[in-house]
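**Student:** Sharing a structure here in C-alpha cells format.
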Amino acid sequence: MFENRVAVITGSAKGIGKTIAEEFRKAGAHVCGIDLLPNEHFVGNLGEQSVLEEFARKVIADYGRVDFLINNALPLMKGLSECTYEEFNYALRVGVTAPFYLTKLFAPYFAPGAAVVNISSSRDRMSQPQTESYTAAKGGIAALTHALAVTLAGKARVNSISPGWIDTDFTEYDGPDAYQQPAGRVGNPLDIANMVLYLCSDKAGFITGENICIDGGMTRQMVYHNDWGWTLQEGGRK
C-alpha cells in the first residue's frame, strides 16, 4: 500500500515523529523528514519561512511529488507567567503556520490519493496551568484541519490526531499512572503511528476533516471531588 510512496514528516528525529517515520519506512515508503535535530533528510527550523521553502524544494527535487504530509513538529510549551510575545508567536509559527505553509507549498504536487495528517493534542480541549503557547498551537492545528479538508476536497484528505499521554520512551507504567486511564495503560508512539498510517491508507478513504483523540479515554472521564476516589488537593490540582 505504501511501497515507493513519499511521506513528508516534520519533527521526524525523535518521539512520535521518529516512530511514524520508522513505520512508513517498514511499509516501503520514502521518508522526507525535517527536524532541528540531525536526521536522514533535512535539518532546519520550521519557524522560518525560508527553511520551509528550501525543504519543500528539496522534497520536490528528490521525488517530484508528495503522497503524505504529516505535520508533527512539537511547538514550544510556555505559560502566561513566563512566555514572551516572541515565544508565543514562535510556538504558533511551528505549530500552526508551518503546517499551513507546507500544505500550501506541497498542494500542487500532491499525488492522487494524497493525505495530510496533523498531530494536535488532547490539550486542544483540556488544559493544565501554564501551557498557553502549546495549547493555543494545538487548538489552532485542530481547527486548521477541517478548513484544509474543505479547501482540498477532491485533492487530498486532511485529518488530525490528538494524542493524550504518550511516553515516547515506550516506558510501561503500573499503579495510578496506568489505572487512572480507562484503557488501563499509558500510550506509546505506536498508538499514534498506527493511526497515522491508517488515515493515509485507502481504508480511510471516507474520512476527512476529522479529529481523532487517542488518549486511553482520559478526556471522557468525568472527575469530581470526592467521587470515585478523586480528591482535590491544595493548589487546585487533582
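**Student:** Give me the log10 of I(q) over I(0) for the chain at q = 0.08, 0.12 Å⁻¹, as the Debye formula computes it from C-alpha points; what are the numbers?
**Tutor:** Results for the chain at q = 0.08, 0.12 Å⁻¹ read -0.30, -0.67.
**Student:** Setting aside same-chain residues fewer than 8 positions from LYS78, which aspartates and glutamates have a Cα under 18 Å from its Cα?
**Tutor:** Cross-link targets: GLU86, GLU87, ASP124, GLU132.
**Student:** Roughly what angle does helix 132-151 make with the longest principal axis of the chain, taking Cα atoms, 0 to 90 degrees, to the nearest 10?
**Tutor:** That helix lies at roughly 50 degrees to the long axis.
**Student:** Give LYS58/LYS104; LYS14/LYS104; LYS26/LYS155; LYS26/LYS58 a once-over and call out the pairs whose C-alpha atoms are over 19 Å from each other.
**Tutor:** On the way: LYS58/LYS104 15 Å; LYS14/LYS104 25 Å; LYS26/LYS155 26 Å; LYS26/LYS58 23 Å.
Over 19 Å Cα-Cα: LYS14/LYS104; LYS26/LYS155; LYS26/LYS58.
**Student:** Taking the dipole about the Cα centre of the chain, with the C-beta of Lys and Arg at +1 and of Asp and Glu at -1, give me whichever of THR135, PHE100, GLY205 is farthest to the positive side.
**Tutor:** Positive-end residue among those listed: GLY205.
**Student:** Right, another one. Please work out how much length the chain gains when fully extended from ALA27 to TYR85, using 0.36 nm per residue of separation minus the C-alpha to C-alpha distance, in nm with one decimal.
**Tutor:** Values: separation 58, 0.36 × 58 = 20.88 nm, distance 4.21 nm.
Full extension of this stretch gives 16.7 nm more.
**Student:** DSSP loop trypsin sites (Lys or Arg not before Pro) in region 101-156 with at most 16 other Cβ atoms within 10 Å of their Cβ, which ones? Walk me through the numbers on the way to the answer.
**Tutor:** Values: sites: LYS104, ARG123, ARG125, LYS138, LYS155; in loops: ARG125, LYS155.
Those that pass, being in a loop and sparsely packed, are ARG125, LYS155.
**Student:** So which chymotrypsin sites (Phe, Trp or Tyr not before Pro) in region 99-176 are both in a DSSP loop and have at most 14 other Cβ atoms within 10 Å of their Cβ?
**Tutor:** Numbers: sites: PHE100, TYR101, PHE106, TYR109, PHE110, TYR134, TRP165, PHE170, TYR173; in loops: TRP165, PHE170, TYR173.
Counting only loop positions with at most 14 other Cβ atoms within 10 Å, the chymotrypsin sites (Phe, Trp or Tyr not before Pro) in region 99-176 are PHE170, TYR173.
**Student:** How large is the charge dipole for region 6-220, taken about the Cα centre, if only the Cβ atoms of Lys, Arg (+1) and Asp, Glu (-1) carry charge, to the nearest 20 debye? Display every interim value, and only then the final one.
**Tutor:** Working: 18 positive and 23 negative charges, 134 e Å.
Rounded to the nearest 20 debye, it is 640 debye.
**Student:** What is the sum of charges around PRO108, taking Lys and Arg as +1, Asp and Glu as -1, for the other residues whose C-beta is under 15 Å from the C-beta of PRO108? Display every interim value, and only then the final one.
**Tutor:** Values: positive: ARG57, ARG65, LYS104, LYS155; negative: GLU53, ASP67.
Value of the local net charge: +2.
**Student:** Okay, moving on. Once R0 is set to 35 Å, what does the formula 1/(1 + (r/R0)^6) return for the Cβ-Cβ distance between GLU3 and VAL223, expressed as a FRET efficiency to the nearest 0.05?
**Tutor:** Efficiency, from the Cβ-Cβ distance: 0.15.
**Student:** Using the alpha-carbon atoms, what tilt in degrees (0 to 90, nearest 10) does helix 15-26 show relative to the longest principal axis of the chain?
**Tutor:** 40
**Student:** Sort out for me the Cα centre separation of region 5-68 from region 116-141, rounded to whole Å.
**Tutor:** Between the Cα centre of region 5-68 and that of region 116-141, the gap is 22 Å.
Each reported figure results from applying straightforward, stated rules to the coordinates on display, with no laboratory input. Here the structure is a predicted model, which is why all the values come from computation and not from measurement. Using ideal geometry, Cβ is built from the backbone for each residue, glycine included, and neighbour counts are taken over all protein chains shown.
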